[in-house]
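Notes follow the structure.
Taken together, the values in this text are just the output of simple stated rules run on the coordinates, not laboratory data. This structure is a prediction, so every number in the text was calculated from the model and none was measured. A quick note on method: Cβ atoms are made from the backbone with ideal geometry, for glycine too, and the neighbour counts reach across all protein chains shown.
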Amino acid sequence: MINIQSVSHSIQGQTILSDISLSLPKGKLSALIGPNGAGKSTLLSLIARLHALQHGVITVDGLDVSKTPSRTLARKLAILSQSNTLASRLTVRDLVSFGRFPHHNGRPGAEDKNKVDEAIAALGLGEIAHRFLDEISGGQRQKAFVAMAYAQDTDYLLLDEPLNNLDMKSARALMQTLHELSEQSGKTIVVVLHEINYAALYADWIVGLRDGKLIANGPTHDILTSETIETIFDFEAEIHQIGDQKLVMHYR
Amino acid sequence: MTKGWLIAIALLLTGIVASLFVGAIDLDMNSFSRSGEGLNLLVVSRIPRTLAVLLTGASLAVAGVIMQMIVANRFVEPMTAGAGSTAALGVLLISFLLPGASIFIKMACACVTSLLGTMVFLAMVRRLPPHQPLLVPLVGIAYGGVVSALVTFIAFQADLLQYLETWFLGEFSGILQGRYELLWLAGVLMLLAYVIADQFAILGLGQSVSVNLGLNYHQIVRLGLVIVSLISAVTVVTVGIIPFVGLVVPNIVSRWLGDNLRRTLPVTAMMGGGLVLLSDLVGRLVRHPFEIPAATIFGVLGALLFLWLLYFPPKSKGVACLRDKERAR
């Protein structure tokens with residue numbers, strides 16, 4: 001379980017998050033939604049100790065992220081950040097292999113190699129594993145970074161807008177992979193999503209932020225009401241039901 | 001790959017043998033039979049010189065990669081980004097304040113100023129906008145230029161101008177047994193860099209990825225800074241500044257093999273040693289029996305290589321495109 005207690009954060013005097021308290025269920029796929037500038041990425045990077053906590057406490061599986069050694073956390077939680085521009089030239093396989101670093105500290109063994117192969121296969125990167133990252137498309141590069149997080153093989157996986165640059169088929173495949181990881185391997189997954197219908201279809205839990213404040217927090221089915229969507233995003237949206245699946249009609 | 005390695009090693013060995021036999025004094029089989037004169041020449045001058053060249057070239061190339069990983073920018077290298085000129089500042093200050101200081105004291109002083117100088121450079125780079133990568137080398141060149149100007153001014157005031165060239169213009173003609181051994185420290189630092197090569201490679205992926213993988217980011221950055229500035233200081237004190245090695249060699253290797261340092265660092269070191277050896281040999285031969293500094297020759301060689309790098313796309317890309325086209329058919 002990820003437990004967030006009265007977390008506030010400001011950057012250069014500007015409030016990004018104010019007094020957020022919530023828990024994200026273990027072994028489930030949670031979606032973080034909200035308009036641009038709502039503080040979703042900041043919240044995610046605070047959970048992953050990429051920034052120092054200013055106020056409040058965050059624990060992952062009972063481990064306080066600001067006190068637990070970084071090495072220990074690296075085997076517990078992986079994050080895929082949003083901007084992945086690279087100065088280095090690496091092959092897809094090299095990059096994915098770095099995901100194993102917290103486990104082997106520079107001396108990879110057979111198990112590490114297997115995990116890397118598994119990650120490459122899971123993201124369908126076998127064909128381009130030997131190619132350099134600066135020679136493949138943005139979407140393929142995005143998948144390579146997801147594969148790196150996959151290879152890190154942590155119980156908790158945080159992904160900041162992983163669907164960026166992905167075509168429809170790849171986006172769908174990635175959401176299915178994430179869903180399987182939580183369903184079958186019991187991993188706790190937190191994803192920042194912009195397309196709310198991906199959250200509607202794949203997420204078990206939804207957290208809605210707006211202007212740094214917590215607006216909604218609960219099971220997907222409860223959050224998907226036109227009132228809640230309107231408070232989060234500030235527009236009217238119809239909710240349609242197809243079978244027992246709710247969908248948000250927000251395209252027009 | 002193995003064939004490439006064999007060719008590279010053969011070329012390097014040829015260079016080493018040539019370096020042992022080229023110089024102002026002829027060395028041939030006769031001189032060995034004559035009262036051990038030849039052997040003496042080898043032990044006192046040619047072997048130390050060859051080792052000095054190899055250690056300098058290899059360690060400067062390695063220092064270049066590490067610096068590029070620290071600032072996550074391909075276009076910097078310690079010698080032009082202030083590490084070299086601040087090391088010269090250190091030696092100059094100590095020569096001025098303590099004229100009789102031993103070479104170890106001089107080097108210690110150069111290490112301290114070079115470390116401070118590199119830290120100042122890093123602090124400046126951290127404040128630059130991340131989406132403007134070309135600002136980093138520009139700031140480096142300007143910073144190095146300002147420090148060099150300061151060094152020249154102090155040397156002028158203290159009437160020490162004639163010494164400046166020994167630090168600013170790297171060359172190996174003065175290398176004799178007993179006057180290059182400090183360079184082994186650079187060799188040791190290179191090995192240390194290889195031991196934690198993975199961590200430097202991860203550093204190059206940026207702070208977020210490093211922290212995510214459990215790296216102690218700031219500690220590795222500090223360690224890298226120490227390695228870079230010590231290598232710079234040691235080479236400046238013993239042979240002088242050789243620019244561009246740390247820029248050109250890592251870029252060629254990166255284009256060719258990528259940046260998985262565990263795999264590429266040995267290649268970088270070998271190529272650095274080999275190219276500086278080539279420059280030194282050319283410098284010895286062009287105006288035989290006089291010499292042209294290796295730094296000058298490398299300046300020309302490095303500029304040509306850099307132009308080649310800029311105008312010719314990496315080979316593997318061409319190969320990959322070709323494969324894609326074939327697949328498409």
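Here the calculated FRET efficiency for residue B:123 and residue B:39, from their Cβ-Cβ distance with R0 = 56 Å, stands at 0.60, rounded to the nearest 0.05.
Annotation: for a label point projected 7 angstrom from Cα along Cα→Cβ of residue A:235, residues of region A:173-198 with backbone N closer than 18 Å are A:193-198. Sequence-ordered 3J(HN,Hα) estimates for region B:136-141 from the Karplus curve with 6.51, -1.76 and 1.60 and θ = phi - 60° stand at 4, x, 5, 4, x, 5 Hz, glycine and proline given as x.
Would you please classify the overall shape of region B:115-198 from the alpha carbon gyration tensor, given that a ≥ b ≥ c denote the square roots of the eigenvalues, rounded means a/c under 1.5, and beyond that prolate means a/b larger than b/c while oblate covers the rest? Oblate.
When peptides A:179-185, B:218-224, A:87-93 are ranked by their average number of other Cβ atoms within 10 Å per residue, the highest-first order is A:87-93, B:218-224, A:179-185. Note on A:93-106: average number of Cβ atoms from other chains within 10 Å of each residue's Cβ is 4. Between the listed residues B:236, B:311, B:117, the Cα displaced farthest toward the positive end of the dipole of chain B, a dipole computed from Cβ unit charges relative to the Cα centre, is found at B:311. Evaluated with a Cβ-only charge set (Lys, Arg +1; Asp, Glu -1), the protein assembly as shown carries a dipole of roughly 1060 debye about its Cα centre, given to the nearest 20. Look at the stretch B:250-259: the mean tally of other chain Cβ atoms within 10 Å of its residues' Cβ atoms is 3.
Plainly put, chain A has a radius of gyration that is 0.97 times its Kirkwood radius, both from alpha-carbon atoms, as the Rg/Rh ratio.
Report, in listed order, any pair from A:28/A:76; A:76/A:113; A:40/A:67; A:115/A:187; A:143/A:169 with a Cα-Cα distance greater than 21 Å. In this structure, A:40/A:67 lie more than 21 Å apart at Cα.
Average partner chain C-beta neighbours within 10 Å, per residue of B:212-224? List each step's numbers first, then the result.
On the way: counts 21, 11, 15, 5, 3, 1, 0, 0, 0, 0, 0, 0, 0.
Whole-number average of other-chain Cβ neighbours for B:212-224 is 4.
Sort out for me the Cα centre separation of region A:106-170 from region B:67-143, rounded to whole Å. Taking the Cα centre of each part, region A:106-170 and region B:67-143 sit 38 Å apart. Let a ≥ b ≥ c be the square roots of the eigenvalues of the Cα gyration tensor of region B:2-328; is it rounded (a/c under 1.5), or, if not, prolate (a/b larger than b/c) or oblate? Oblate is the answer for region B:2-328, as a/c is 1.5 or above yet b/c matches or exceeds a/b.
For residue A:159, the residues whose modelled amide H falls within less than 5 Å of its own, excluding neighbours fewer than 5 places apart on the same chain, are A:80, A:190, A:191, A:192. Report note on the peptides A:163-169, B:45-51, B:271-277: ranked by the mean count of other C-beta atoms within 10 Å, highest first, their order is B:271-277, B:45-51, A:163-169.
Kirkwood hydrodynamic radius for the protein assembly as shown: how many Å is it when counted over pairs of different Cα atoms? Write out the running numbers ahead of the final one.
Numbers: mean 1/r = 0.0376 Å⁻¹.
Kirkwood radius, the protein assembly as shown: 26.6 Å.
Among B:256, B:42, A:216, which residue has its Cα positioned farthest towards the positive end of the charge dipole of the protein assembly as shown, with +1 placed on the Cβ of Lys and Arg, -1 on the Cβ of Asp and Glu, and the dipole taken about the Cα centre? The residue sitting farthest along the positive end of the dipole is B:42. Dipole magnitude for region B:65-216: computed about the Cα centre from +1 point charges on Lys and Arg Cβ and -1 point charges on Asp and Glu Cβ, it is near 320 debye. Taking amide H as placed 1.01 Å from N in the peptide plane, residue B:239 has no amide H partner under 5 Å among residues 5 or more places away or on another chain. In order along region B:186-196, the Karplus-derived 3J(HN,Hα) couplings, from 6.51 cos²θ - 1.76 cosθ + 1.60 at θ = phi - 60°, round to 4, x, 5, 4, 4, 4, 4, 4, 5, 4, 10 Hz, and Gly and Pro are given as x.
Within region A:75-179, none of the GluC sites (Glu not before Pro) combine a DSSP coil assignment with at most 13 other C-beta atoms in a 10 angstrom radius.
With a Förster radius of 30 Å, plug the Cβ-Cβ distance of residue B:181 and residue B:2 into 1/(1 + (r/R0)^6) and report the FRET value to the nearest 0.05. Rounded to the nearest 0.05, the efficiency is 0.30. By the Stokes-Einstein formula, at 0.890 mPa s and 25 °C, region B:174-306 with its Kirkwood radius over alpha-carbon pairs has D equal to 150 µm²/s. Compute the signed sum of charges (Lys and Arg +1, Asp and Glu -1) over the other residues within less than 15 Å, Cβ to Cβ, of residue B:103. Charge balance near residue B:103 sits at +1. Can you give me the C-alpha center-to-center distance between region B:198-213 and region A:8-48, rounded to a whole angstrom? So the two Cα centres are separated by 23 Å.
Please give the charge dipole size of chain B, origin at the Cα centre, charges +1 on K and R Cβ atoms and -1 on D and E Cβ atoms. Round to the nearest 20 debye. Walk me through the numbers on the way to the answer.
Details: 21 positive and 14 negative charges, 230 e Å.
Magnitude of the dipole: close to 1100 debye.
Phi angles of region A:233-244 translate, via the Karplus equation with coefficients 6.51, -1.76, 1.60 and θ = phi - 60°, into HN-Hα couplings of 9, 6, 8, 7, 9, 7, 9, 10, 10, 10, x, 9 Hz per residue; Gly and Pro are given as x.
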